[in-house]
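Below is one structure, written out as structure tokens, with a few remarks after it.
What follows is calculated from the coordinates using simple rules that are stated; it is not laboratory data. All figures in this text were calculated on a predicted structure; none of them were measured in a lab. FYI the Cβ positions are ideal-geometry reconstructions off the backbone, even for glycines, and counts take in every protein chain you see.
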Amino acid sequence: MDRRDFVKTLGTGALLWAVPGALSSTSSALSQDQIESRVKELLARMSLDEKIQQMSGEVLGNIVRMAEGYGKYDTVNTPANRRLGIPGIRFIDGPRGVNLKGSTCFPVSMARGATWDPNLETRVGEAMGYEARARGANFYGGVCINVVRHPSWGRSQETFGEDPYLIGRMGAGMLTGLQNHVMACAKHFAGNSIDKSRHFVNVRIAERTLREIYLPHFKTCVDAGVASVMSAYNNLNGYLCGHNPHLLREILKGDWGFQGFVISDFGLGVKDTVAAANAGLDIEMPSTMHYGKKLKQAVLDGKVPEPAIDEAVTRILRQKLRFSHLEDKGGYSLKKIAGPEHTALAREVAQKGMVLLKNEGLVLPLKREQIKTLAVLGELADTINIGDKGSSTVRPPYVITPLAGIQAKAGNGVKIVYDSGQNLGSAQAAAKEADAAIVVVGCTYQDEGEGYDRLRLSLSDHQEQLILAVAKSNPRGIVVVEGGGAIIMENWKDQVPAILMAWYPGMEGGAALAEILFGEVNPSGKLPLTFPRSPDQLPFFSNTAKEIEYGYYHGYRLADKKGFEPAFPFGFGLSYTQYQYSNLRLNQKEMRKSGTLEVKVDVTNVGQRAGEEVVQLYVGYPGSQVDRPVKELKAFGRLALEPGETKTLSLEVKAQDLAYYNVEKGAWEIEEIQYPLQVGSSSRARDLLTETFRVTGA
Ligand code: BGC
């Protein structure tokens with residue numbers, strides 16, 4: 001079926017993209033100059049009503065679509081302008097795949113953050129963008145890049161971790177792939193790291209903390225060319241994010257020179273016409289509530305200056321024109337949606353994102369010749385568990401559960417005995433009779449998701465009892481943990497020999513898991529967030545308070561500052577092989593403020609298996625004039641190494657990436673001090689290589 005025909009079958013509103021005319025007629029990308037002159041031309045021909053029509057979602061169509069089951073059948077649209085041939089926006093989510101039925105379900109963003117592989121993420125974005133465009137969407141809302149400051153946050157799974165540098169690199173990777181097909185939207189701008197109170201909480205963030213911890217990843221996505229940014233539901237420093245002139249006008253559009261448009265989060269992202277329009281909120285989604293007629297009246301009353309409307313429409317048209325060559329691009333095949341290429345990619349990502357946290361006595365990988373009976377225990381082993389059921393829901397055609405994956409991979413010589421673990425006695429007996437036991441535990445959408453947060457950071461009592469019961473009866477009790485963030489494991493982690501963090505691993509997750517368990521794939525994921533030992537190691541969290549302060553420190557920065565020993569540090573992850581780091585060298589020991597440091601390190605696979613290693617580079621600021629983290633991630637890279645092979649990895653650190661935000665001066669400042677640098681396999685590797693360098697002169 002042709003793309004247009006398919007879109008027709010989707011019903012209401014989905015045909016809007018097919019409007020013939022100025023914007024949809026280009027066959028190749030327009031130059032910047034062409035875009036700007038066509039924007040001016042169009043704007044001059046538009047009436048105030050037509051301009052304002054560009055600035056909010058459809059009313060009836062979108063209400064019907066969302067009532068049908070959000071994102072199930074159709075995109076959420078803004079109206080097309082038929083007179084001028086300007087297509088509407090056709091929005092679709094989400095972070096782990098396209099919401100529309102039948103799409104590829106990738107591992108959640110947190111699992112992808114654990115790959116530390118922005119190039120792989122570009123391939124994921126490319127696949128999602130393809131699937132979105134093939135079904136008529138032209139706008140993708142899935143680049144969620146909020147910081148996980150506390151693992152209770154219910155939507156942690158939708159973002160890439162705790163660190164702004166890692167999140168920024170992954171977000172930029174994703175949007176680069178997406179934007180080969182659709183406009184991408186980075187969200188939620190900003191400080192949206194609690195869910196239950198998101199519609200009323202006032203998040204207080206000091207200016208320096210905002211600039212250094214909660215915004216850099218948005219800047220990275222802006223620099224990578226993201227077409228749009230979605231404002232967050234929460235208030236930030238007293239203003240709703242969608243009404244926040246400091247965020248939208250001064251920082252995003254001013255300091256960063258963002259050329260795209262801002263959309264509101266859906267429903268309660270705009271609460272006041274004048275405040276939103278004057279602050280620089282360009283599109284109200286999903287439907288016209290405060291814009292439309294109310295916005296026109298505000299313009300007529302002089303409360304919103306007409307140039308503000310022109311500016312918003314300029315931004316919208318600019319991006320529509322930038323992507324206009326894709327409007328009529330043919331060649332999209334529906335067969336590719338959840339087809340072999342994309343599902344293989346989903347599997348590859350799951351393989352690269354799972355993190356081996358513990359492997360004592362090398363109990364993993366399982367050796368088939370030693371195992372006649374394998375017990376697979378726990379309800380989640382036999383449950384489809386791909387993450388939240390809110391706006392990030394994906395409805396893939398199938399999901400390989402852990403049990404199905406293990407059954408398919410085990411081979412004829414291994415008998416699989418499954419027990420749900422509801423009855424601890426029977427699970428323990430099954431574990432006792434088996435040569436090894438795999439216990440699958442973790443969270444589900446009932447524990448964490450959109451609109452609510454995690455009530456407990458450890459597993460349920462029953463799951464912990466199950467693990468302990470298995471540990472007592474089988475020395476090869478391997479724990480596989482599913483979930484979207486950090487889990488506290490202190491009650492049991494010392495009693496079991498092996499722990500594998502599988503996250504919500506997507507539709508191919510069970511297959512990837514089995515490949516890791518049986519050693520066909522060597523695990524290479526690294527934690528994109530700190531796993532604490534206890535809640536004392538975390539910053540304050542409340543999802544009922546009307547106001548909360550996000551301080552400068554969380555995650556590894558907090559652990560370093562306070563001297564905590566986390567359960568598993570940021571960047572940590574084991575492999576079935578071992579790597580040795582050597583020969584750390586810098587191209588200069590002194591660099592200028594405009595300079596770039598080139599760092600090289602040799603990594604050797606000294607074990608017996610091929611593998612991939614994520615190399616991490618951190619920089620500290622001991623001589624700083626201001627309070628700064630002990631160290632911060634500044635570069636990383638992934639290397640594939642055969643046994644015995646050595647490769648050199650080159651990393652770069654720009655002096656400007658070492659700056660702190662000087663609030664008094666309203667400027668970034670690079671200090672002329674000595675900087676220690678460490679390179680290793682995690683933020684707290686034992687065999688770190690270290691060096692120092694200075695920054696001097698402009
Ligand atoms: C979420 C956004 C999402 C939007 C539309 C909202 O509830 O907060 O992340 O993009 O719905 O799906």
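The relative contact order of segment 351-562, computed from alpha carbon pairs under 8 Å that lie at least 6 residues apart in sequence, is 31 percent. For the chain, the longest principal axis of the C-alpha atoms and the axis of helix 164-178 are separated by about 60°. Over segment 457-499, the reciprocal of the mean inverse Cα-Cα separation, the Kirkwood hydrodynamic radius, stands at 10.6 Å. In order along segment 246-262, the phi-based Karplus estimate (6.51 cos²θ - 1.76 cosθ + 1.60, θ = phi - 60°) of 3J(HN,Hα) comes to 5, 5, 7, 7, 6, 7, 5, 7, x, 4, 8, x, 4, 9, x, 10, 9 Hz; Gly and Pro are listed as x.
Count the net charge of all other residues whose Cβ sits under 13 Å from the Cβ of residue 436, scoring Lys and Arg as +1 and Asp and Glu as -1. Don't skip to the end; give the middle numbers.
Details: positive: 367, 368, 372, 415, 432, 476; negative: 369, 433, 435.
So the surrounding residues net to +3.
Under the combined filter of DSSP loop state and at most 16 neighbouring Cβ atoms within 10 Å, segment 240-270 retains these chymotrypsin sites (Phe, Trp or Tyr not before Pro): 256.
Helix-only estimate, please: 222 nm mean residue ellipticity of the chain, summing -39500 (n - 2.57) across DSSP H runs of length 4 or more and dividing by its residues, to the nearest 500.
On the way: 17 runs with 176 residues, N = 698.
When only DSSP H runs of four or more count, the value is -7500 deg cm²/dmol.
Between rounded, prolate and oblate, where does segment 540-661 land on the alpha carbon gyration tensor, with a ≥ b ≥ c its root eigenvalues, rounded for a/c under 1.5, else prolate if a/b exceeds b/c? Cα axes put segment 540-661 in the oblate bin. Based on Cα contacts under 8 Å between residues 6+ apart, the chain shows a relative contact order of 14 percent. Annotation: amide H-H contacts under 5 Å for residue 533 (H modelled 1.01 Å from N, sequence separation of 5 or more, or interchain): 567.
Working from label points 7 Å from Cα in the Cα-to-Cβ sense, the residue 40 to residue 642 distance is 5.9 nm.
3J(HN,Hα) along segment 648-656: 9, 9, 9, 10, 10, 10, 7, 4, 5 Hz, from the Karplus curve 6.51 cos²θ - 1.76 cosθ + 1.60 with θ = phi - 60°, whole Hz, x for Gly and Pro. Within the chain, what percent of beta bridges assigned by DSSP are antiparallel, to the nearest 5? The answer is about 55 percent antiparallel.
Which of the residue pairs 320/600; 271/654; 219/271; 352/589 have a Cα-Cα distance greater than 31 Å in the structure shown? Numbers along the way, then the final one.
Numbers: 320/600 42 Å; 271/654 41 Å; 219/271 26 Å; 352/589 35 Å.
As for pairs spanning more than 31 Å Cα to Cα, those are 320/600; 271/654; 352/589.
Among the aspartates and glutamates, which have Cα under 12 Å from the Cα of residue 526 when same-chain residues fewer than 8 positions away are ignored? The reachable aspartates and glutamates, counting only those whose Cα sits under 12 Å from residue 526, are 117, 612, 613. For residue 288, the residues whose modelled amide H falls within less than 5 Å of its own, excluding neighbours fewer than 5 places apart on the same chain, are 57, 59. The C-alpha radius of gyration of the chain, expressed as a fraction of 2.2 N^0.38 Å, stands at 0.96. Hey, what angle do you get for helix 32-45 against the long axis of the chain, alpha-carbon based, 0 to 90 degrees rounded to 10? That helix lies at roughly 50 degrees to the long axis. For segment 333-399, the direction-averaged projected area of the alpha-carbon convex hull comes to 7.3 nm². For the chain, the longest principal axis of the alpha carbon atoms and the long axis of helix 461-473 meet at an angle near 30°.
Sequentially through segment 660-671, phi angles give Karplus couplings (6.51, -1.76, 1.60; θ = phi - 60°) of 10, 8, 8, 5, 4, 7, x, 8, 7, 10, 9, 8 Hz, Gly and Pro residues having no value and appearing as x. When Rg is the radius of gyration of the Cα atoms in segment 3-335 and Rh is its Kirkwood radius, what does Rg/Rh come to? Looking at segment 3-335, the ratio lands at 0.94.
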